[in-house]
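In what follows, a structure is listed as structure tokens, so that the remarks can point back to it.
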Amino acid sequence: MTQQTTVEHPADAPPATGGARRRRWPFVLAAVALLAQMAIAMLTTAVQQTPTIDEPVYVGTAVVYQQQHSLRYNPEHPPLGKLLIGAGLAFVHPRLAAPAPRDTQEDLGRTLLYASGNDPYRLMLAGRLPVIVLTLLFGLVVLAFATDLSGRWGGLLALALYAFSPDVIAHGSLATLDVPVAGFLLTAAWLLWRARRRPRLHLPLAGLALGAAVATKMSALVAVPVMLALAALSVWPALRRGPDAAAGPAADPPAADPPAADPPATDSPAPDLRRRVLHAAAAAAVVAVCALAVVWASYLAVDPRLRWVTPPDVPPIGGLRGLVADWLPVPPAYRDGMRIQFGFEDDTYRGFLFGRQYRGALWYYLPAALLVKTPLGMLALWAAGSLRMVVTRRLWRAAAYVVLPATVLLLAAMSGARDFGTRYAVFLPLFLAVAAGTLVTLRRPRWVPAVAAALVVFVAASSLRTFPYYLPYSNEAFGGPDKTYLRLHDSNVDWGQDLGRLADRLRERYPGEPVWLVYKGSGVPAAYGITAGNPLSVPPAQVRGLLVVSDSRIDRPGRALQALIDSSRPVDEVGHSITIFRRPA
């Protein structure tokens, strides 16, 4: 008879006594403090930043959903994320001037923000608040998932990494879809992990979370086969324990299960292979049906009649992708949105990495960008936690719910056509924070928990130093946010977020001086009091005074702008995303 090691875990602990409850208070207070600092960082960022490039499209579409019940705009993304953004907009009662018949979705956003009598600051804050709330709630999911796997200290370590992640703070404070879809996917994985003990409760909930991800952004579709496989895997432990497993305790057993095989159930015979396969298929079917229900509900919430006319610019998609779009049981608008996304992936875009301009996509772009934009301590903890889960046999089962989805999502993102930023991999700070939490369960060598705690402090210091400029963050090895534009562009550093800050800087330091502006963004400079000329529309000799250039345009300037920059002197910068040059007199 083999000897098994007993592993203590909160899920197996006896009911809490008064002393245990008192010991729980430091854990609760620490979690509240971490989420409170994150909320302050996101709210400050949301208040100070002007619209980024994508936000006016989502905000404008959300208002159209509410006022016109039309699916016309932004079909390449499903409605749920924009419905959530619209929940905040409903409190400010935005006005929308009638758009022209041929207006694009970008025109719609500018009309709403700058030509309909609305306050753009107030409108954007209202649209960002629901995403901020969601981001904080996803922090609780990170905490719960890591606590299930690694206990309270592991949960706090994971939450600290999440709460201090510059990428999560940056994109969690915007009215965009990247953090919501990542959070819904993590929630689905956590609920599937919990379904190992209570499948009847957690499988439908996991399906709803997966449906929320797929109904927010179509990039989540790549995770569907993984999640369905995990749903099937989740019921196998329950089957081994017999039919009463569904009524067992809500909490999960420790991830660190002993390597010995599970004992056979004594009160009922073990199901044969056929029965197990049928139960696994049924579990996957439950998750799939619940997910599809959320997708259909999101479209019906916009237009109960599902009125939809395929736009003329939807590209024809053949092959396997076309078959998937044709046969997937989703609303017609969703199918056309898939075709639009496939068309985007077939296009060729221009990129920028480490000072090099290129056309197309680099397979290593995202790993390289993450190396720049992730705190060094966080990179170390991610790698160590993931490695521990993969090489430790008793954690293999948990790794299937944490490391596997993150790996599949990262590989899919790396194969994409658009090298526009680490926001395409913003799921990593969620999943890998949970993986990092497993480090606190290491008892040998004894210094590992202390080193992990020190690295968390290093992460916190690096994150706090960039406050409130989280979007252009880069770590100390690459010079900090001042130097990000030398290595990366677009949403990594300059997404048009600092137009309001530029207006304040020009008014305070350079009143009355002529301004020449090359701006990349969706904002309207005049709406913020900026009067500027276009330096590319006149002879260089006429460009005198201040030359103001978005850093993404510095990265890819073209000959005319490069000549102007070379003959100018940098004198100031705004938000680490806009540079002010002094032209020769």
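A few remarks follow.
- Residues that are open to solvent by less than 90 Å² (accessible area, probe 1.4 Å) and farther than 11 Å from Trp153 by Cα within the stretch 27-39 comprise Val28, Val32, Ala33, Leu34, Leu35, Ala36, Gln37, Met38, Ala39, listed in sequence order.
- The listed residue being open to solvent by 70 Å² or more (accessible area, probe 1.4 Å) and under 24 Å from Phe431 (Cα atoms), out of Trp327, Trp363: Trp363
- Odd one out for Ile580, checked against (1) in contact with a Lys or Arg (Cβ under 8 Å, 6 or more places away or on another chain); (2) surrounded by fewer than 16 Cβ atoms within 10 Å (Cβ to Cβ); (3) closer than 22 Å to Asp504 by Cβ: (2)
- Condition met for Ser173 (buried (at least 24 other Cβ atoms within 10 Å of the Cβ) and in contact with a Lys or Arg (Cβ under 9 Å, 6 or more places away or on another chain)): yes
- The helices (runs of 4 or more DSSP H) falling completely within the stretch 358-469 that include 3 or more residues that are under 19 Å from the mean Cα position of the chain (by Cα) and of a type in the set (Val, Ile, Thr) map to 396-414.
- Asp252, sole failed condition from (1) surrounded by 18 or more Cβ atoms within 10 Å (Cβ to Cβ); (2) modelled with pLDDT of 55 or more; (3) not basic (Lys, Arg): (2)
- Residue check, Val277 open to solvent by 60 Å² or more (accessible area, probe 1.4 Å), in a loop (DSSP other than H, G, I, E, B) and more than 25 Å from Val181 (Cα to Cα): no
- Of all the criteria given as (1) touching a Pro at 6+ places or on another chain (Cβ under 7 Å); (2) crowded, with 20+ Cβ neighbours inside 10 Å; (3) not β-branched (Val, Ile, Thr), the one not satisfied by Lys520 is (1).
- Check on Arg335, basic (Lys, Arg) and surrounded by 14 or more Cβ atoms within 10 Å (Cβ to Cβ): yes
- Meets criteria (exposed (fewer than 11 other Cβ atoms within 10 Å of the Cβ), on the phi < 0 side of the Ramachandran plot and assigned to a helix (DSSP H, G or I)) for Leu320: yes
- Pick from the stretch 298-310, criterion in a loop (DSSP other than H, G, I, E, B) and out of contact with any helix residue (DSSP H, G or I) (no Cβ under 7 Å at 6 or more places or on another chain), ranking: most open to solvent (accessible area, probe 1.4 Å): Arg305
- Every pair of residues 6+ apart whose Cβ atoms lie under 6 Å, when the first sits in the stretch 287-312 and is without any contact (Cβ under 8 Å) to a residue 60 or more places away in the chain and more than 15 Å from Leu80 (Cα to Cα) while the second is open to solvent by less than 50 Å² (accessible area, probe 1.4 Å) and of a type outside the set (Asp, Glu): none
- Residues satisfying the stated conditions in the stretch 199-223, i.e. open to solvent by 10 Å² or more (accessible area, probe 1.4 Å) and polar (S, T, N, Q): Ser219
- Where Arg507 falls short, out of the listed (1) over 21 Å from Asp167 (Cα atoms); (2) in contact with an Asp or Glu (Cβ under 9 Å, 6 or more places away or on another chain); (3) open to solvent by 70 Å² or more (accessible area, probe 1.4 Å): (2)
- Only one of the listed residues (Arg350, Arg418, Arg394, Arg423) is basic (Lys, Arg), crowded, with 21+ Cβ neighbours inside 10 Å and in contact (Cβ under 8 Å) with a residue 12 or more places away in the chain. That residue is Arg423.
- Failed item, numbered, when Leu370 is tested on (1) free of Cβ contacts under 8 Å to residues at least 60 places away in the same chain; (2) out of contact with any helix residue (DSSP H, G or I) (no Cβ under 7 Å at 6 or more places or on another chain); (3) of a type outside the set (Asp, Glu); (4) over 30 Å from Trp296 (Cβ atoms): (2)
- Each residue in the stretch 458-482 was checked for being open to solvent by 10 Å² or more (accessible area, probe 1.4 Å) and in contact (Cβ under 8 Å) with a residue 40 or more places away in the chain, and 11 of them qualify.
- Test: residue in the stretch 186-198 that is open to solvent by less than 10 Å² (accessible area, probe 1.4 Å) and within 26 Å of Val457 (Cα to Cα): yes
The values are calculated or read from the model by the stated rules, or taken from the named source; none is laboratory data. The model shown is predicted, which means the values in this text are computed figures rather than measured ones. Counting neighbours? That spans all protein chains shown, and the Cβs are built from the backbone with ideal geometry, glycine included. Note: accessible area is taken over every heavy atom of the protein model, side chains too, but ligands, DNA and RNA are not part of it. Shrake-Rupley method; radii C 1.70, N 1.55, O 1.52, S 1.80 Å.
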